[in-house]
1. What nm distance separates the two modelled labels at A57 and R6, each placed 7 Å from Cα along Cα→Cβ?
2. Please check which bits of the range 48-73 a label hung off Q34 would reach, taking the label as a point 7 Å along Cα-to-C-beta and the cut-off as backbone N under 11 Å.
3. How about the range 25-55: which chymotrypsin sites (Phe, Trp or Tyr not before Pro) there lie in a loop by DSSP and see at most 16 other Cβ atoms within 10 Å?
Amino acid sequence: MRSVDRAMLVIGALLAALPAQAQTYDPRYPICMQVFSIDGPAIGCGYASMAQCKASASGRAAECFANPYFAGASRKAPVRARRR
């Protein structure tokens, strides 16, 4: 039983020591751009509008998309239609 406990402790320590991957999506910006290169794709979220992102992506192997983790979307109050 002690060897099983030690093995679990060693495995847990090794997993805790492995480097963690940083979050790709910045929750402060609503638009992200994914750039494709020889080294692999890279995602950067630092765009305030789709037009700004598309201007930056122009002429590159890149695409713009809405940030799925944008924090500002949940803070806004819903827009209500006014009755006349």
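1. Here the answer is 5.5 nm between the modelled labels.
2. 62-66
3. Working: sites: Y25, F36, Y47; in loops: Y25, F36.
Answer by residue number: Y25, F36.
The numbers here are math on the coordinates, done by the rules we state, and not lab data. The shown structure was predicted, so the numbers you read here are calculated from the model rather than taken from an experiment. Virtual Cβ from ideal backbone geometry, glycine too; neighbours counted across all protein chains shown.
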